[in-house]
Structure formats: C-alpha cells, structure tokens
1. Could you list, in sequence order, the residues of the stretch 208-233 that are in contact with an Asp or Glu (Cβ under 8 Å, 6 or more places away or on another chain) and either part of a loop (DSSP other than H, G, I, E, B) or within 16 Å of the ligand (Cβ to nearest atom) (or both)?
2. Looking at (1) over 20 Å from the mean Cα position of the chain (by Cα); (2) free of Cβ contacts under 8 Å to residues at least 60 places away in the same chain, find the lone condition where Pro248 falls short.
3. Report yes if Asn199 is modelled with pLDDT of 95 or more, closer than 20 Å to Ile70 by Cβ and away from the ligand (no atom under 16 Å from the Cβ), otherwise no.
4. Would you point out the residue of the stretch 275-290, among those that are outside any strand (DSSP E or B) and buried (at least 17 other Cβ atoms within 10 Å of the Cβ), that is farthest from the ligand (Cβ to nearest atom)?
5. Give me the residue from the stretch 64-95 that is touching a Ser or Thr at 6+ places or on another chain (Cβ under 9 Å) and hydroxyl-bearing (Ser, Thr, Tyr) and, out of that set, surrounded by the fewest Cβ atoms within 10 Å (Cβ to Cβ).
6. Looking at Ala181, Ala205 in this structure, which one is within 16 Å of the ligand (Cβ to nearest atom), touching a residue at least 12 places away in the same chain (Cβ under 8 Å) and surrounded by fewer than 17 Cβ atoms within 10 Å (Cβ to Cβ)?
7. Output the residues belonging to the stretch 234-246 that are part of a loop (DSSP other than H, G, I, E, B) and farther than 14 Å from Leu272 by Cα.
8. Tell me, which residue of the stretch 258-269 that is within 24 Å of Thr221 (Cα to Cα) and touching a Phe, Trp or Tyr at 6+ places or on another chain (Cβ under 6 Å) is farthest from the ligand (Cβ to nearest atom)?
Amino acid sequence: MMVSGRINSLYVCTMTLMFFSTEQLQAQKCLQSYFKKRHIGDSLSALHVISNHSVSSEALCSHYCLKEEICVGFNYKEKHNNECIENCQLSNSKYDDMKKDGRGNGDWVYFEEIQTIKSNNSDTKGEDNFLPVNRAAGVKMKIWFNITDDSVDKLYSDPRYPDDHDNLTILSSFDTGQKFADNYGCKLSALYKALETGNYTLSAACDNTCDVFWGEMRNSTNQKRIISLRMTTGYKQWNKTPKQQSKPIYMEKDRFYRIEAALKEGLKDDYLIIGVQQPNGTFVVPIPSKQLFYEM
Ligand SMILES: [Ca+2]
C-alpha cells in the first residue's frame, strides 16, 4: 500500500513539471510539494472548498492548488466526452478534518499535500527596505455597500470590485470595530514593517466571512491568500477553528510586507480583526499601528 501511495504522489508532481516546465516558480514549488491519493468518494461541500475549476487533467488541478497558499489538497473527477463541468475542487481542509464530507460512492478522488510549500524569495529584496514617499500611518479601508449574502466571494464577483468602491476610510490598525453596517464588503490594505527576523503567524477573526492576503511590498499583484474563513467567529475569538491561523511566514527585520484582507458582512454583527504572533512568541492583537502604513 505504501508503494502504491508513493507512486500516486510522484505521478501528480511529475505531470505538473511536464506541463509547466517554463514556469520556474511553479517548478520550485512542485519540488517541495507532493500530493497523495487519500480517498475516492463524493464531491466536497462548500465548507471545505476554496474554489472550483473545470480542468482537463488532475495535473492541472494540482497546479491550481500549488498556486494557492492555503490549499492543502484537491478533489478531482475525470471528465467524460469533453463534458463542461467543474471537476476540480481546491480545499483548505485536511482529509481527516473533514469527517464525513466527501465520503460516499462517487468517482471523485481526493489528493492531499504531504509536504509544506516554503515561501518563495522575491527578487525585489533590496527595494522592500524602503517605504514609498507618499505614505502615512494606518490601514486603508475601501467599502462597497448594497451587496447581500454573507460570502466574501460575493464581494469579489461584484462588478464594482476592486476599483469602484463607495467609501474610503483610514483605520489605525487591522480592526474594523463592530456593527458598522449591513450588507457591505470591504478591503483592508497596509504595509507592515517587521521588527525582527523569523517566523510570524497571522490570525483573523471575522463576521461573516473573510480572507487575508500577504506578499512582498513591491509585488501587489502576487499576493498569497494565507487565511480563508468561511464561517463566523466571535469578536477576538481565536480558537473557533485552526483555519483562523496562517502557516508560519518568514519575514526579515526592517523589511516591509503587504498585508490585505477582505470582509463580507450580511446582517447583524460585523467585524474583522487581525493579530500577529511574532518570532519571539508574543501574540499581539490587533497588529500594532506603529508598524502599519498606507500609500496615499
Ligand atoms: Ca453578520
């Protein structure tokens, strides 16, 4: 059985290298990531799915998973007669954490990542030691009103997103406060100055749903989604689900990094707050405002 599992893992990775040999970044990731076949069964419920895709092979499905920082596995179903269906589900849930989800007599195959992807180094390292000239302390918050539903995906699919926002305000930190409005979405963004070198873990609590992104300061188009919450937590509640925490993120002292977060609120309570565990082990909530800047 162990031999069979290893063959399956290597198969997916090898296929990815064949299809994307010109994409150096993906090749580097693939060398550090393998997918093991865990289960044959049904499709996953929305609770465990980051996104759905229509793909021509399991190798392409694994490629999408490698591009998502929070993806830990994917559920794939082979197409028949070139049918137009979504047959690739990316998941941020481990197989053992999904309990009954995906179990059944279907023909979906769930693959799980068995080695953690390491952060890729940027070639803009020198530039990230300097803040933009036109900056100020705080966090920029863009707001879109009149979007119903709880899911942050409704914000992303709104035709006004991301450029045509209704309102703009500046927060002192990554804390929106509580009960701002109903049926709105917002995007928070700031540059974060690391005060020491080492591994950081970001944590989020929100109502109703939210995502957190992180990346190099200069490369705003290559942000990695490091937290994806599709359930409500309490305000400053940090133990509702392990999905509230990011994987460890390596940052260097005195360098600047871009942190962004999106929130979607339906009705009643609403908030988004982000904390950070620093390399020295201290957990700070919210992220200290003296380390946050926005571009004017
Ligand atoms: Ca709410």
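The values are calculated or read from the model by the stated rules, or taken from the named source; none is laboratory data. A quick note: this is a predicted structure, and the numbers were derived from the prediction, not measured. Every residue, glycine as well, gets a Cβ built from its backbone with ideal geometry; the counts of neighbours run over all protein chains shown.
1. Result: Asn208, Thr209, Met217, Arg218, Gln223, Leu229, Thr232, Thr233.
2. Looking at each condition in turn, Pro248 falls short on (1).
3. Numbers: modelled with pLDDT of 95 or more: yes; closer than 20 Å to Ile70 by Cβ: yes; away from the ligand (no atom under 16 Å from the Cβ): yes.
So Asn199 passes the test.
4. Pro279
5. This residue is Tyr64.
6. Numbers: Ala205 fails: surrounded by fewer than 17 Cβ atoms within 10 Å (Cβ to Cβ).
The conditions single out Ala181.
7. Taking the stretch 234-246 and keeping what is part of a loop (DSSP other than H, G, I, E, B), we get 234-241, 246.
Passing the criteria: Asn239, Lys240, Thr241, Ser246.
8. Residues of the stretch 258-269 within 24 Å of Thr221 (Cα to Cα): 258-264.
Then keep just the ones that are touching a Phe, Trp or Tyr at 6+ places or on another chain (Cβ under 6 Å); that gives 259-260.
Details: Ile259: 23, Glu260: 21 Å.
Ranking the candidates gives Ile259 first.
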